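The values are calculated or read from the model by the stated rules, or taken from the named source; none is laboratory data. Remember, it's a predicted structure, so these values are computed and weren't measured experimentally. Glycine gets a Cβ as well: all are built from the backbone with ideal geometry, and neighbour counts include every protein chain shown.
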Amino acid sequence: MQYKIIKKIGLLYLRFVAKTSKVVYFGDSGITGNEMIGYWHQDSYSMLLLLEHFAKQRKNKVSIVVTADDRGDVIEHMIRHYEGIALRLPDGARMRKCMDFLESKGMEPGIMGLAMDGPVGPCYEPKKLLFYLAEKANKEVVLVRITYSKKLTIKKRWDNYIIPLPFTKLKVMLQPIGTVSGEELRNFKQKKEEIRGFYQLA
């Protein structure tokens, strides 16, 4: 019952934010619709607006990797509303059993989105999964950076989860960083520095 209520409220609130706010996209014209998109877990809620932009408006196929637990039910409900596909996977080591499934989905034409530091952090610590899938599928990686003029940050959460406030201006910047090689995966520390540079975390 709790999650059913959260589903309804979460979607209604996001739609209100979308109607009252201005979302500006930078770099989206260079997106072909066949990329791997990485973002921070704290921006997961706002990423649904980007999902609407690509899946509902541009008619691109978009799949988002979502946790298999009850939290994922809420996100999946919103993803489906915006005509995206939720790929439900267990957290941690249990995900390894699903790697063949995930690799096959990544190789399909379309956009796949994944929180680089999810689902349990640490915050701003990119994991290899997105880049591994990009290498297997030979897809370009696109990083997403979102800035807000008004926001609520839940600092008690590990990811400093962000909820955009109504009447805000969101700037969504998309930066392609190319395909990923096996060598880059083996020297992932260097790739992390490249990512941190884009997000000005270096």
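Grab the helices (runs of 4 or more DSSP H) fully contained in the range 1-86, keeping just those with 1 or more residues being of a type in the set (S, T, Y), touching a strand residue (DSSP E or B) at 6+ places or on another chain (Cβ under 9 Å) and at pLDDT 90 or above.
2-20, 44-51
For the range 173-198, which residues satisfy the criterion of being surrounded by 14 or more Cβ atoms within 10 Å (Cβ to Cβ) and among the hydroxyl-bearing types (S, T, Y)?
Applying the first criterion (surrounded by 14 or more Cβ atoms within 10 Å (Cβ to Cβ)) to the range 173-198 yields 173-177, 179-180, 184-185, 188, 191-192, 194-196, 198.
Scanning the range 173-198 gives a single hit, T179.
Just to be sure, is S46 of a type in the set (S, T, Y) and either at positive phi or surrounded by 20 or more Cβ atoms within 10 Å (Cβ to Cβ) (or both)?
Here the answer is yes, as S46 does meet what is asked.
T147 fails exactly one of the following numbered conditions: (1) at pLDDT 95 or above; (2) surrounded by 15 or more Cβ atoms within 10 Å (Cβ to Cβ); (3) of a type in the set (V, I, T). What is the number of that condition?
(2)
Which residues, counting only those in the range 53-62, are surrounded by fewer than 21 Cβ atoms within 10 Å (Cβ to Cβ) and not basic (K, R)? Spell out how you get there, then give the answer.
Step one: filter the range 53-62 for residues surrounded by fewer than 21 Cβ atoms within 10 Å (Cβ to Cβ), giving 53, 56-61.
Of everything in the range 53-62, those that are surrounded by fewer than 21 Cβ atoms within 10 Å (Cβ to Cβ) and not basic (K, R) turn out to be H53, Q57, N60.
Any idea which residue in the range 10-35 is nearest to V144 (Cα to Cα), counting only those that are of a type in the set (F, W, Y) and out of contact with any helix residue (DSSP H, G or I) (no Cβ under 8 Å at 6 or more places or on another chain)?
F26
Please count how many residues of the range 152-172 are among the hydrophobic types (A, V, I, L, M, F, W, C) and not in a loop (DSSP other than H, G, I, E, B).
6
Could you say whether any residue in the range 109-120 is more than 16 Å from the chain's Cα centre (by Cα) and either buried (at least 18 other Cβ atoms within 10 Å of the Cβ) or in contact (Cβ under 8 Å) with a residue 12 or more places away in the chain (or both)?
yes
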